[in-house]
1. If only Cα atoms are counted, what is the Rg of the range 302-355, and what is its Dmax, in Å?
2. For the range 184-232, which whole-number percentage of the solvent-accessible area (1.4 Å probe, protein heavy atoms only) is attributable to carbon and sulfur atoms?
3. If we sort 365-371, 172-178, 83-89 on the protection proxy, mean other Cβ atoms within 10 Å, highest first, what's the order?
4. Apply the Karplus parameterisation 6.51 cos²θ - 1.76 cosθ + 1.60, with θ equal to phi minus 60°, to every residue of the range 200-214 and state each ³J(HN,Hα) to the nearest whole Hz, in sequence, with x for glycine and proline.
5. Give me the Kirkwood hydrodynamic radius of the range 34-157, using the inverse of the mean 1/r over all pairs of distinct Cα atoms, in Å to one decimal.
6. In Å², and per residue, what accessible area does the range 125-189 have when probed at 1.4 Å with the other protein chains present?
7. Do any of LYS45/LYS207; LYS102/LYS329; LYS102/LYS176 go past 32 Å between their Cα atoms, and which?
8. Tell me, what ³J(HN,Hα) does each residue in the range 144-156 have, in order and in whole Hz, if you take phi through Karplus 6.51 cos²θ - 1.76 cosθ + 1.60 with θ = phi - 60° and put x for Gly and Pro?
Amino acid sequence: MKQTILAGMCASILITGFAFYPFLVGNPQNAKAFNTEFEPTGVTKHVTFIANEVPVQVAPDNALHPGGVMYNAYTFNGTIPGPTVGIDQGDNLTITLVNEGKLIHSMDFHAGLGPSKALSGSVQPGESADWSLQGVNGGSWLYHCGADGLNGVWEHIANGMYGTIVVHPQNEEPAKEFSVVFSEIYNAADPGVFNEVNGTGSFDIGKFLNQNPDLILTNGMSFKYVPSIGTVSKLDLNPNATVFQVQPGELTRWFVTNPGPNDGVAFHFISGQQDVRDGFNAEGNSYGVVSMNDEAWWVPPGSSSVIETIFPEEGIYVAVDHNMADVVKGAAFAILATPNATATDHPEGSWVPPLGSEFSGGSQQAQWVSEMGSEGGGTNQTGA
């Protein structure tokens, strides 16, 4: 009975969406970073995604979650999130989706324009699909699983099937770049903070419908990049955390993605300010039209924003979702501004294939580091 009601609700939503389709998608959204006229590069890059259902650790062992938290995730290439894809504006990208799981999976690339470019179509277990898109509009874009023609898309996103594709504008200024994905976990086995989770959890549709996530992940784990908080009264959060490192005074660029599936992210740097590069003017010669030196920037569910900042002096900075309940659930990461930062010291899961690079996917980070060497400074772009 419950499944019948839910299916009816979803059908009504889809019918309403199709009824207004010409009005809603007649023009792409105007949230584009560094958008300019561009020339096709003639470059074609390729990425392969392996869809599967695998257990993933989503919280470390700490006082908030004694013993840590394991979760039955849906993944691209075995990780939450899937690998960050990087292409240049004007590049062509070919994509292969291989379904090694037990469920129907698919992909929706928000950087694609038109169904044949954005959507893979439903892929049965044991089958694969190929399609391609061009990097038309520069910026940072979400990709995610679309389940079986949207049937169950909410669960596939909530379970970890998402990631970021960066389309580097041809006029992009060099900067040290990082990708960070904020996302939610709705876990049927999680009894709440300060309690141990028994066994490996799975999706809880009740918590999902009530918009009550148990965890907020940053690149796949609660407090992945936060060792501890507090000075007088210290709370250890993740003894294995690696913090972001930048040089004082250097330009840094953050591709902040929010697949949701429900909540927005009020993104803020503690002790810092930020410029948001998600707009463009009619002449196409401006980095953006949103206010500079924002204290917080709203990243809605289903979107990705390009945020720049300079950390002016040495020390620890912290980035948070300024929803304090979400901070308790894991929505924070630490940045160390130090002269010892290098161009190649990106924490796991945060590297972006840079402008002008031969690389296309985050799994190629080790090869890129080997080619770059241990360079001083922080800017991680090549060919710019």
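1. Expressed in Å, the Cα Rg and Dmax of the range 302-355 come to 13.4, 36.
2. Working: 1150 of 2230 Å².
The nonpolar share, carbon plus sulfur, comes to 51 percent.
3. Working: 365-371: 14.1, 172-178: 22.7, 83-89: 26.3.
Descending packing order for the listed peptides: 83-89, 172-178, 365-371.
4. Along the range 200-214, the couplings run 9, x, 9, 4, 10, 5, x, 4, 4, 5, 8, 6, 10, x, 7 Hz.
5. On the way: mean 1/r = 0.0636 Å⁻¹.
15.7 Å is the Kirkwood radius here.
6. Working: 1660 Å² over 65 residues.
That works out to 25 Å² for each residue.
7. Details: LYS45/LYS207 40 Å; LYS102/LYS329 30 Å; LYS102/LYS176 39 Å.
Where the Cα-Cα span goes over 32 Å, the pairs concerned are LYS45/LYS207; LYS102/LYS176.
8. Couplings: 7, 6, x, 6, 9, x, 6, 6, x, 4, 4, 6, 5 Hz.
The values are calculated or read from the model by the stated rules, or taken from the named source; none is laboratory data. Being a predicted model, the structure only gives us computed values, none of them experimental. Please note: Cβ atoms are built from the backbone with ideal geometry, for glycine as well, and neighbour counts cover all protein chains shown. For the accessible areas, the whole protein counts, side chains as well, though only heavy atoms, and no ligand, DNA or RNA atoms are used. Shrake-Rupley method; radii C 1.70, N 1.55, O 1.52, S 1.80 Å.
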